[in-house]
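Below you'll find the structure, written out as structure tokens, and then a few comments.
The values are calculated or read from the model by the stated rules, or taken from the named source; none is laboratory data. These figures come from a predicted structure and were not determined experimentally. Note that each Cβ is placed from the backbone with ideal geometry, even for glycine, and that neighbours are counted across all protein chains shown.
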Amino acid sequence: MSIECLVLGAGQDVGKSCVVATIGGRRVMFDCGVHLFCRGRSSYPEFDRILAASGATDFTAAISCVVITHSHLDHIGALPYFTEVCGYHGPIYMTYPTKALAPMMLEDYRKVMVDQQWEEGQYSYEDILRCLKKVIPLDLKQTIQVDKDLVIRAYYAGHVLGAAMIYAKVGDAAIVYTGDYNMTPDRHLGAAQIDRLKLDLLITESTYAKTTRDSRRAREREFLQAVHKCVSGGGKVLIPLFAVGRAQELCMLLDDYWERMNWKIPIYFSAGLTIQSNTYYKMLIGWTSQKIKDNYRAHNPFDFKHVCHFERSFINNPGPCVLFATPGMISNSGGFSFEVFKKWAPSEKNLVTLPGYCAPGSIGHKLMSGKPTRIEVDKDTHIDVRCQIHQLAFSPHTDSKGIMDLIEFLSPKHVILVHGEKPLMAFLKERVESELGMPCYYPANNESVSIPATKNLKMSATERFITSCAGEQTEDNLRKQKLICGSNMAEANTDRKLAEGILLMEKNKAVKILCEDELVQVLGMERHLVQNEPMVSSRTGAAGE
Amino acid sequence: MGDPHLLSSAHPAAAASSFARKHPGPIDERFSDPSPHITKRPRVAADTAATGGSAPYPEAEVRSLVMMAGGIYPLARAEALRGLAAVLGKVDAYRCFVAGIVECCYGCAVELMRDEDEGVRLAVVGLLGLCAQKFAARWDVDAKSDGDIMDLIFQQLSSMARDMCTKVRIEAFGALGKMQRVSEGVLLQLLSKKVIKTDTMSGTIIKGQKLPPKLKIPCAAGIFAHGIEDEFYQVRTAACTSLGALAKFSSQYAEKALDLLMDMMNDDTETVRLQTLQALFHMATYGYLSMQEKHMHMFLGLLVDANALIRNAARKILGLVNLPKLQMFKSAIDCLIASLEKNPEEQDIYGILFSIGKNHGSFSANIAKHLAKEIATASDGELILDRPRVKALMIVSISAPFSDDKHKKLDIPSIIFSHAISLLGKVSCALGEEVNQDSLLSYLCHKGGMPLWGNRSVSAEFGESESCKVETVEVGEQIENTAKATKCLDRVLVMQSVESILQTVEGAWTMRMSCDVCEARTILRTCKEELKVLAENSSGSIGAFLSFLCEYLDAIRLVVELWQLIQLDNSYTVGLTAPDILLEKLNISVRRMECCYAGLNRGLEVQVMELSLLANLLGLSNIGACSKAVLSKLVWVINRLEGLCADGSCELSDFSREIKKTFEADHIGNALIRNIHTSVELFRLKPTTDFGALKAISAVFQVCDNNSENPLSYICGLPVGVSFNISLWNISSNNRLWLHMSIGESVQHTFLEFSSFEGDGEVKSGSMVVPLNTTPMAHSFVLRVCLIMECYGGISSNQERHGGPSDCVVQLSDELDVYFVSTGQR
């Protein structure tokens, strides 16, 4: 028996995650994402290869189930296409929060499709709704019997609200697909958590295969220090952000700091979307970090104490304040964050924080690369940038230490890396193989890897065999007991004994183990003895040579 | 293997025996025979037998437990590991390493380190920690043994701290903090997730052992970086504690650990922040804390934190650290002032300001100069001394002369001192209780150039006339003393160490429960030694309290020893047996606590009474039958305790309540003896640290002109007078003191009439001649004299006193030898 692993997306690449694993004849598709930098059909995984590999005529027959790990588009974006356009009608599993967040994310992406005027591969709003209707929600650590043999279970992965790692098992063969995960907890999300399982294969993301980050605490301190300096000097802080995740994280950090400092300086949220996602967070408390779970009865941490009602005219108000505005990278084309940036950038008292990643061409990218004093918006307008710039470095992905730790903890027999850049993956593969001694692969898209799987066999043993084993062991122990008195105890650990016996497969395929002297009796034969007498010719003189 | 129910039995030996019984064959005889013995024997006895080396009991236990640890049932595996830990905890370090038990346990633990079951991994951590302790103890014995193993265990524990199970992580961080030695390279690696290259790591020698630093387990790297950002606050707390505790091993580590700890101040859980401050305070107390400029922002934020506990803890640390730069010093002072303005009720800030100023003499001098300028330029009424800022700066300024850097000449403008007089209350409050307000006032006046003290006729040109000079010298001396006192007696520090000592003692007491008597005794001894050192450097009521605690620890130690003897139950009772002697010592000790301290507050008295109850109970059990005297004493103590707790200010402990109940049920006390075990188990140590105005009653006396070279002369058979110089401390007029004089067997008591003694309430002294009524018919003899005091609380069994004191007395002074030689011999 073997496990066949076909990587349809995110092989030596970040984007359109999609892995199809065949375990003992059961085919499971993990994630079904889109590539955000591509358009049309090329942004989807090449689903036809599944049919080619399985020999089936339709997807429902070829695939036992689809499991989605979390709600980011590069993990879920192609799902409506696969179910509604390609015609997969089998079960789809995802966690409750993922199911809740999915319509928002998919609808966002659908609008992009329309904007970009895709020629093919579009799906409609109705497709999204129909698709999500088929989804079966999963809870953490809930074991689901997909069919007679296939069992799946979700473990907490951190990363984003509702992210899960998926454990799948057929017979004795078991694998874990991690999706994206974070080994260090945030303020609002916990760290990935999984049991020590006996695994044949671990498929893990490797976004930061070579990066080792320092403590999150240091980054928090730097951020707070920058904000503190700015507001205590009477300046305004602009935090351009996307809606889900980082905004909650930073706001909790600030809210807490405000509380401790006993400040009355207002914090504003500009975007309705952020407020909407706050509502989701409030509902899905069970999926957040321990601290929030412990405290939410007394005070829901997503009811931020210091966040005030916001109106657009407030940006001209005097005095210090903090403002969260979308979109994250301050795009030239507009958006509220750009509007505010135009107003606030000329004062050196103010502060603008930038998210970890800004697309090339955006103002955020220009600010990140060097410190421009003047930004040309178009021919006629320009902005004088005198404000302070602070680069945020919070990431929801684990670093290479975290990946190594997870692999070490799970100690699978084989490792496959996905969701990363090729050179970095090659580096990590070396480390896994040399430090942990596990075979490691990082297949490219549309490549497939086959690994052997565990198969346990049940066999019976004769009573005689067991007694003889036990007897041998006790004798051995007695001998050792005398040794102990002579003060040697360290060997007590090496007690694993080898037992000697004969393995017999009967006609009904049942396997049995028995003692040497029982064999004759079982087979109903007589014992024959063959004696050999070796003849060795030797010369005494040759011994010295 | 046997069935899982039997195997998970709590007692290791029982588990072992059940295991043995399940097995057929010769092993049965071997195992089932000794095991019941182990369970039945008192553990102490088993220990001694093991150290005697006559029977290899621990080896047998260890062997069977190791076998069980390889079993298929996770609960049984975990229980086996805990059993191993119990066995390992009992055996003495040196011996067990001879037998290889530690190696055996260690090997077993390492094998199960990656077990699938959380419970097993949890037990592994406990066992690993214990193994580390034993290995370290071996190192103490035998310096040549391999130190690599310690580093390896350290790394293994660190890798366990990365476990997915919260409990395992908490336990692992706890165990890391308890490690006793480790090489610097390994330590530094714990702070950084990036693997430090071998060649840049200095193989620094720690505790005389050079180690090749090498990371054997990659996931152990940066374990503290992970620990401090853990999701569970319990883990973060444990990580912080260990982070601080390990700082004693390496200054380079301490520096980097400080960075991490400082980052913890942004934690969202108050417990974690407080624990972090505790860890910092710990580091500061032991001098490993070197604050840098980059930490100041975070730290100063704490001083104005919304939480009073945090502010308080942060201030305490600030009072101890050394700030290398004037800028940092100034910002700290400013921040304290801001905090003071915000929270005017927090008066202890003045104390902190004083100690910061004291620690940074030249910086405070700088502040003083500026302040003087401000005062000088300010017109009348503008500089209001009531303003917290001015008050604070004033305190910092006058703290400068107390600073340690005497080599620098710090000239504080006298105008400061003259202004400071109006703040006398604040200043003396800041200085703490050790300083007398009057002497402070005169010091300030002197420094401020105001002839307020003594001779008022002295002209304004101060310091010119004779009388003034004399005064100056005196004042200077006085202030020198106070300065010394403030320096060596940071009251807070003393109380803190006392508290930690008391915690250890409580730990030792519970250890007694688990039968480790020898170790408990050693701990108690060491604690007492530490207290003694503190007591010698303290004075006033804190000194009295410390000596009281010494006495208390002595008594506890005696109880532990006595209890051990009673449990062994040696039935021979001929003459004075060891328990008798111990019991008598215990009684004396309790009596001393009762009588030799004036101003025992209620808490302390309850504490003493409970001890007395315990002593009497042990006395009963020692005799085996109930003596009337002991019973009546018991009644007295119970009544006293009830009286003390009557108004509800303190509560009758379970122990006393139980005894009272038993006693009321059966007045003859047989039930008491029967139930003694349960009663003693109920006894809890809870020493209080609130001592109020405790005073130690003591006496010192000497004989004029007498030593073995220069004896007094006498005529055989005739009385002779001996003249004593006596000083008494804290003796009130209702105390009855006697001189106890003995020559060989014959004893003479003389009542001490000290009403004529001179002195104030605290010290009385005088000299007197005491007649020795009969001198022996000998050429020479030695008279042994000591001062004793009658205890008025106790009940005397001896009704006829023969003119001497009641038999319930305590010795107040050491025994003094007086040498006599007959005149004929001279």
Residues in region B:581-596: is at least one acidic (D, E), within 17 Å of the chain's Cα centre (by Cα) and either in a loop (DSSP other than H, G, I, E, B) or modelled with pLDDT of 80 or more (or both)? no
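To keep it simple, each residue is scored yes or no on (1) facing another protein chain (nearest Cβ under 9 Å); (2) in contact (Cβ under 8 Å) with a residue 60 or more places away in the chain; (3) crowded, with 23+ Cβ neighbours inside 10 Å.
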| position | (1), (2), (3) |
| --- | --- |
| A:Y177 | no, yes, yes |
| A:A191 | yes, no, yes |
| A:R213 | yes, yes, no |
| A:F223 | no, yes, no |
| A:H228 | yes, no, no |
| A:G234 | no, yes, no |
Condition (residue is at pLDDT below 85, at positive phi and over 33 Å from the mean Cα position of the chain (by Cα)) applied to region A:311-323: is it met by at least one residue? no
Condition (residue is closer than 29 Å to B:V635 by Cα and touching a residue at least 60 places away in the same chain (Cβ under 8 Å)) applied to region B:717-726: is it met by at least one residue? no
Quick check on my filter: what residues within region A:82-91 are surrounded by 22 or more Cβ atoms within 10 Å (Cβ to Cβ) and within 23 Å of the chain's Cα centre (by Cα)? A:F82
Consider A:H188 carefully, then state whether it is modelled with pLDDT under 90 and within 12 Å of the chain's Cα centre (by Cα). no
Name the residues in region B:751-788 that are β-branched (V, I, T) and either farther than 21 Å from B:N706 by Cβ or out of contact with any His (no Cβ under 8 Å at 6 or more places or on another chain) (or both), would you? B:V763, B:V769, B:V770, B:T774, B:T775, B:V782
Filtered residues of region B:651-695 (kept if on the phi > 0 side of the Ramachandran plot and under 32 Å from the mean Cα position of the chain (by Cα)): B:G692
So, in region B:649-687, how many residues would count as being surrounded by 15 or more Cβ atoms within 10 Å (Cβ to Cβ), polar (S, T, N, Q) and in a loop (DSSP other than H, G, I, E, B)? 2
Check on B:I337, at pLDDT 85 or above and in contact with a Lys or Arg (Cβ under 7 Å, 6 or more places away or on another chain): yes
Among what's in region B:32-81 and is surrounded by fewer than 20 Cβ atoms within 10 Å (Cβ to Cβ) and modelled with pLDDT of 75 or more, pick the residue that is nearest to the other protein chains (Cβ to nearest Cβ). B:G70
Give the residues of region A:363-411 that are touching a residue at least 60 places away in the same chain (Cβ under 8 Å) and small (G, A, S), sorted by residue number. A:G364, A:A393, A:S395, A:S400, A:G402, A:S411
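Under the condition of being at pLDDT below 75 and within 25 Å of B:A338 (Cβ to Cβ), which residue from region B:379-399 is surrounded by the fewest Cβ atoms within 10 Å (Cβ to Cβ)?
My answer is B:G381.
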Could you give every pair whose Cβ atoms fall below 8 Å, whose first residue belongs to region B:395-413 and is assigned by the TED database to the domain that holds B:L320 and acidic (D, E), and whose second residue is modelled with pLDDT under 75 and in a helix (DSSP H, G or I), counting only separations of at least 6 or pairs across chains? B:D404/B:K487
Restricting attention to region A:336-391, report how many residues are of a type in the set (D, E, K, R), within 39 Å of the chain's Cα centre (by Cα) and under 22 Å from A:H228 (Cβ atoms). 1
Per the list (1) of a type in the set (S, T, Y); (2) surrounded by fewer than 21 Cβ atoms within 10 Å (Cβ to Cβ); (3) under 17 Å from the mean Cα position of the chain (by Cα), residue check on A:T398 breaks on (2)
Test: B:D268 is within 24 Å of B:V182 (Cβ to Cβ), buried (at least 19 other Cβ atoms within 10 Å of the Cβ), at pLDDT below 90 and within 14 Å of chain A (Cβ to nearest Cβ): no
Answer with yes or no whether B:G107 is modelled with pLDDT under 90 and in a helix (DSSP H, G or I). yes
The condition from (1) modelled with pLDDT under 90; (2) more than 11 Å from every other protein chain (Cβ to nearest Cβ); (3) closer than 25 Å to B:Q496 by Cβ; (4) surrounded by fewer than 24 Cβ atoms within 10 Å (Cβ to Cβ) that B:T241 misses is numbered (1)
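For region B:717-756, which fully contained strands (runs of 3 or more DSSP E) count at least 3 residues that are within 12 Å of B:M768 (Cβ to Cβ)?
In region B:717-756, B:720-729 are the strands (runs of 3 or more DSSP E) which contain 3 or more residues that are within 12 Å of B:M768 (Cβ to Cβ).
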Evaluate the following for A:V160: is it surrounded by fewer than 20 Cβ atoms within 10 Å (Cβ to Cβ), of a type in the set (V, I, T), in contact (Cβ under 8 Å) with a residue 60 or more places away in the chain and more than 14 Å from chain B (Cβ to nearest Cβ)? no
In region A:36-69, what count of residues is obtained for those that are surrounded by 15 or more Cβ atoms within 10 Å (Cβ to Cβ) and not in a helix (DSSP H, G or I)? 13
Can you find, within region B:110-128, the residue that is farthest from B:R63 (Cα to Cα) among those that are in a helix (DSSP H, G or I) and facing chain A (nearest Cβ under 9 Å)? B:E118
